[in-house]
Amino acid sequence: MSDPILTLAGVHTNIAQYHILQGVDLVVPRAQVTMLLGRNGVGKTTTLRTVMGHWRASGGTITLDGMDITQLPTSAIARMGVGYVPENMGIFSDLTVEENMVLAACRGKPDPARLDWLFTVFPPLKTFWRGQAGTLSGGQKQMLSIARAMIEERRLYLIDEPTKGLAPAIIATMARALRELKDQGSSLLLVEQNFAVARALGDAAVVMDDGRVIWAGEMAELARDAGLQERLMGLNVQAEG
Amino acid sequence: MIVKLLSGDLPRSTVLAVILGLVFIALAFAPFLFPGVRSVDTAARICVFIVLVASYDLMLGYGGIVSFAHTMFFGMGAYGVALSSTNMGRGWDAMLTGSLTGALAAAALAFLIGLFSLRVRAIFFAMITLAVASAVAVLVSQLSSITGGEDGLTYLIPRELTPAFRFGDSFLGANLNGRLLAYYLVFSGALLLFLILLRVVNSPFGRVLQAIRENDFRAEAVGFRVVAYRTGATCISAAVAALAGSLYAIWLRYVGPDTVLSFDIMIDILLMVVIGGMGTMYGAVIGATLLVLAQNYLQGIMGTASRAVEGLPILPDLLDPDRWLLWLGVLFVLSIYFFPTGVVGRLRMQR
């Protein structure tokens with residue numbers, strides 16, 4: 001756990017009159033996949049959005065790579081190398097697939113080798129390269145959304161529910177892509193409702209409830225202990241032998 | 001060549017391409033195809049409004065920014081030419097100085113308004129533009145010693161652009177005089193500005209604007225400073241609107257609050273954008289052409305129609321030329337109903 005890439009210390013977030021995050025303490029280790037788990041509405045998405053500066057933290061500090069980013073504007077955080085994938089296929093539907101990808105490359109032009117790699121991971125992107133992103137299917141939109149974050153090597157990837165509402169075959173594609181990212185030694189913070197995917201990908205796990213982190217540890221430990229899962233998340237899945 | 005001139009943004013519909021081609025030919029050869037003071041005046045108006053509407057669409061259609069100050073920027077360009085021509089005397093230098101000063105002043109004011117209000121919600125920006133535009137309109141009518149107040153200003157433009165300057169007899173029914181040159185100055189100025197706007201919206205800058213319009217947080221999360229982009233779009237839009245105003249002032253040789261600053265023009269611009277189709281520069285061409293033609297000729301057509309149905313019950317009354325605004329309203333409602341994405345949006349869908 002030494003030298004984490006991202007640290008949240010006592011982060012509070014208020015949205016209108018609601019106090020959503022109530023002192024979140026969270027550590028994302030470098031070069032690992034951290035799964036952010038919990039029931040619906042416990043503040044997982046809000047946590048990612050607070051890190052991105054969309055919601056301003058009303059208390060606490062957020063540190064990226066040793067630098068306090070709590071008060072930085074969203075665009076500056078993105079340019080520091082945080083690739084953010086919003087939930088619900090957050091693409092720019094009026095633009096073409098190509099334009100979506102090019103916009104996301106902070107350094108101007110995407111690296112051709114990396115683009116080729118993305119085409120092998122997500123073949124539909126190559127097929128519909130010049131097509132309007134809004135006309136893609138749900139799964140393809142999600143691929144584009146993730147590929148957009150992956151177009152450059154980032155310090156940290158924040159990915160919000162990449163498999164939500166997708167067909168099993170596409171979930172498998174997503175999981176493969178995320179695994180490749182993991183194998184490259186990237187640091188990821190992933191919100192994931194699909195426990196099978198979480199179990200397969202995660203190194204570390206953080207469980208939230210009611211705007212707080214209630215458990216943090218090894219993913220393997222959580223995966224082994226069905227009782228713990230039941231207690232933390234109300235899950236009732238078969239635990240690994 | 002054409003693809004390059006149009007910045008790769010082709011009409012993407014055969015019908016649309018044909019219509020645009022016809023409009024272009026009609027405007028390019030208007031003095032010869034439709035000789036006559038009134039028809040050439042209509043053509044010049046169409047040229048000016050195409051640029052004005054296209055510049056507004058850069059803000060509304062591409063940037064998703066609602067502004068009610070566009071007539072003000074238009075007026076700044078027009079008054080720039082009027083004031084410089086009045087104070088510096090007749091000449092090309094006065095015209096150029098006035099146009100550039102007007103454009104710079106408009107961009108500077110847009111920058112200030114943008115900086116103060118584009119951070120906040122869109123509705124505040126709209127309200128502030130409305131307030132500033134009203135204040136400027138009042139100011140122009142009050143400062144009568146400078147602006148001529150409600151009477152406006154009449155001034156002289158270079159002699160080469162007036163009917164007194166003749167360089168030959170008539171050709172294909174058009175008088176070869178300075179008025180013809182003035183028309184081509186307006187036409188080529190409008191064409192150049194339109195192509196520049198087309199270049200802007202198809203540049204990476206334009207793509208970022210479209211991304212911001214769709215979802216500003218996502219655009220910010222990709223790393224773009226939304227306020228900077230929105231302010232930039234507002235400034236470019238204001239400067240181009242001011243230059244359109246300058247062209248208009250050169251053509252009319254008169255400016256007054258009613259001709260270049262009134263809120264009616266703002267409503268016309270909105271109608272033209274919506275009828276033509278938001279978020280596409282070609283929509284400005286269609287919208288401006290349709291509405292200017294309707295404003296100039298609907299009354300005449302209705303007069304003819306009214307006489308044709310004389311003797312029948314009700315119809316002559318309904319078609320009375322005085323009711324032209326009613327029919328313009330009906331046409332507007334119908335066009336929204338049948339073309340919710342504007343004429344261009346509809347034509348592109350049918351492809």
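The values are calculated or read from the model by the stated rules, or taken from the named source; none is laboratory data. Everything numeric in this text was worked out from a predicted model, so none of it was measured. So basically every Cβ, Gly included, is an ideal-geometry build from the backbone, and we count neighbours across all protein chains shown. Ligands, DNA and RNA are stripped out before the accessible areas are found, and what is left, the full protein with its side chains, is counted by its heavy atoms. Shrake-Rupley method; radii C 1.70, N 1.55, O 1.52, S 1.80 Å.
Out of the residues in the stretch B:1-35 meeting the condition of being open to solvent by less than 40 Å² (accessible area, probe 1.4 Å) and without any contact (Cβ under 8 Å) to a residue 60 or more places away in the chain, tell me which one is nearest to B:LEU172 (Cα to Cα).
B:ALA26
Filter the stretch B:311-337 down to residues that are open to solvent by 90 Å² or more (accessible area, probe 1.4 Å) and not aliphatic (A, V, I, L, M) and give me whichever is nearest to the chain's Cα centre (by Cα).
Looking at residues that are open to solvent by 90 Å² or more (accessible area, probe 1.4 Å) and not aliphatic (A, V, I, L, M), I get B:TYR337.
List every residue pair whose Cβ atoms sit under 7 Å apart, with the two residues 6 or more apart in sequence or on different chains, where the first one lies in the stretch B:65-85 and is without any contact (Cβ under 8 Å) to a residue 40 or more places away in the chain and the second, anywhere, is among the hydroxyl-bearing types (Ser, Thr, Tyr).
B:SER84/B:THR97; B:SER84/B:THR101
Any idea which of (1) touching a residue at least 24 places away in the same chain (Cβ under 8 Å); (2) in a helix (DSSP H, G or I); (3) within 28 Å of B:GLY206 (Cα to Cα) is the one B:ILE267 doesn't satisfy?
(1)
If we only count helices (runs of 4 or more DSSP H) wholly inside the stretch B:150-253, which ones have 2 or more residues that are within 23 Å of the chain's Cα centre (by Cα) and more than 14 Å from chain A (Cβ to nearest Cβ)?
B:178-201, B:226-252
Mind listing whichever residues of the stretch A:145-175 are within 14 Å of another protein chain (Cβ to nearest Cβ) and hydrophobic (A, V, I, L, M, F, W, C)?
Within the stretch A:145-175, A:ILE146, A:ALA147, A:ALA149, A:MET150, A:ILE151, A:LEU156, A:LEU158, A:ILE159 meet the criteria.
Would you be able to say whether some residue in the stretch B:201-210 is over 30 Å from A:ASP160 (Cα atoms) and open to solvent by less than 20 Å² (accessible area, probe 1.4 Å)?
Looking for residues that are over 30 Å from A:ASP160 (Cα atoms) and open to solvent by less than 20 Å² (accessible area, probe 1.4 Å), one finds at least one in the stretch B:201-210, hence yes.
Tell me, please, whether a residue that is aromatic (Phe, Trp, Tyr) and either closer than 21 Å to B:GLY77 by Cβ or in contact with a Lys or Arg (Cβ under 9 Å, 6 or more places away or on another chain) (or both) can be found in the stretch B:325-339.
Yes: the stretch B:325-339 contains one or more residues that are aromatic (Phe, Trp, Tyr) and either closer than 21 Å to B:GLY77 by Cβ or in contact with a Lys or Arg (Cβ under 9 Å, 6 or more places away or on another chain) (or both).
Hey, any hits in the stretch A:122-136 for a residue that's over 18 Å from A:ASP94 (Cα atoms), among the hydrophobic types (A, V, I, L, M, F, W, C) and surrounded by 22 or more Cβ atoms within 10 Å (Cβ to Cβ)?
yes
If I ask for residues that are out of contact with any strand residue (DSSP E or B) (no Cβ under 9 Å at 6 or more places or on another chain) and either of a type in the set (D, E, K, R) or at pLDDT 90 or above (or both), which ones from the stretch A:16-33 would you list?
If the condition is that a residue be out of contact with any strand residue (DSSP E or B) (no Cβ under 9 Å at 6 or more places or on another chain) and either of a type in the set (D, E, K, R) or at pLDDT 90 or above (or both), then A:TYR18 is the only one that fits.
Can you spot a residue in the stretch A:2-11 that is within 24 Å of A:ASP203 (Cβ to Cβ) and out of contact with any strand residue (DSSP E or B) (no Cβ under 6 Å at 6 or more places or on another chain)?
Yes, because at least one residue in the stretch A:2-11 is within 24 Å of A:ASP203 (Cβ to Cβ) and out of contact with any strand residue (DSSP E or B) (no Cβ under 6 Å at 6 or more places or on another chain).
Here's a check for you: in the stretch A:79-92, which residue that is facing chain B (nearest Cβ under 7 Å) and touching a Ser or Thr at 6+ places or on another chain (Cβ under 8 Å) is farthest from A:THR45 (Cα to Cα)?
A:GLY90
Can you say whether A:ARG39 is open to solvent by 50 Å² or more (accessible area, probe 1.4 Å), part of a loop (DSSP other than H, G, I, E, B), away from every other protein chain (no Cβ under 14 Å) and within 25 Å of A:ARG79 (Cα to Cα), as far as the supplied structure shows?
no
When residues of the stretch B:318-351 are filtered for being over 17 Å from B:ASN296 (Cα atoms), free of Cβ contacts under 8 Å to residues at least 24 places away in the same chain and assigned to a helix (DSSP H, G or I), how many remain?
6
Can you tell me how many residues in the stretch A:44-89 are open to solvent by 10 Å² or more (accessible area, probe 1.4 Å), hydrophobic (A, V, I, L, M, F, W, C), more than 14 Å from B:ARG218 (Cβ to Cβ) and not in a strand (DSSP E or B)?
Qualifying residue count for the region: 4.
Check B:ALA110 against each of (1) touching a strand residue (DSSP E or B) at 6+ places or on another chain (Cβ under 9 Å); (2) under 29 Å from B:THR231 (Cβ atoms) and name the one condition it does not meet.
Going through the list (1) touching a strand residue (DSSP E or B) at 6+ places or on another chain (Cβ under 9 Å); (2) under 29 Å from B:THR231 (Cβ atoms), B:ALA110 breaks only (1).
Any residue at all in the stretch A:93-104 that's away from chain B (no Cβ under 13 Å), part of a helix (DSSP H, G or I) and either within 30 Å of A:ASP25 (Cβ to Cβ) or hydrophobic (A, V, I, L, M, F, W, C) (or both)?
Scanning the stretch A:93-104 turns up no residue that is away from chain B (no Cβ under 13 Å), part of a helix (DSSP H, G or I) and either within 30 Å of A:ASP25 (Cβ to Cβ) or hydrophobic (A, V, I, L, M, F, W, C) (or both).
Would you confirm, using the coordinates I've provided, whether B:LEU243 is within 30 Å of B:PHE165 (Cα to Cα), without any contact (Cβ under 8 Å) to a residue 12 or more places away in the chain and aliphatic (A, V, I, L, M)?
no
Being assigned to a helix (DSSP H, G or I) and open to solvent by 70 Å² or more (accessible area, probe 1.4 Å) is the filter here, so list the residues in the stretch B:97-127 that pass it.
Result: B:LEU100, B:THR101, B:LEU104, B:PHE111, B:LEU112, B:LEU115, B:PHE116, B:ILE123, B:PHE124, B:MET127.
How many residues, within the stretch A:107-121, are under 16 Å from B:SER203 (Cα atoms) and either surrounded by 14 or more Cβ atoms within 10 Å (Cβ to Cβ) or away from chain B (no Cβ under 12 Å) (or both)?
0
Out of curiosity, is A:ALA76 within 27 Å of B:GLY61 (Cα to Cα), within 9 Å of chain B (Cβ to nearest Cβ), hydrophobic (A, V, I, L, M, F, W, C) and free of Cβ contacts under 8 Å to residues at least 24 places away in the same chain?
The answer is yes for A:ALA76.
Of all residues in the stretch B:276-298, which are open to solvent by 30 Å² or more (accessible area, probe 1.4 Å) and not hydroxyl-bearing (Ser, Thr, Tyr)?
B:MET278, B:LEU290, B:LEU293, B:GLN295, B:ASN296
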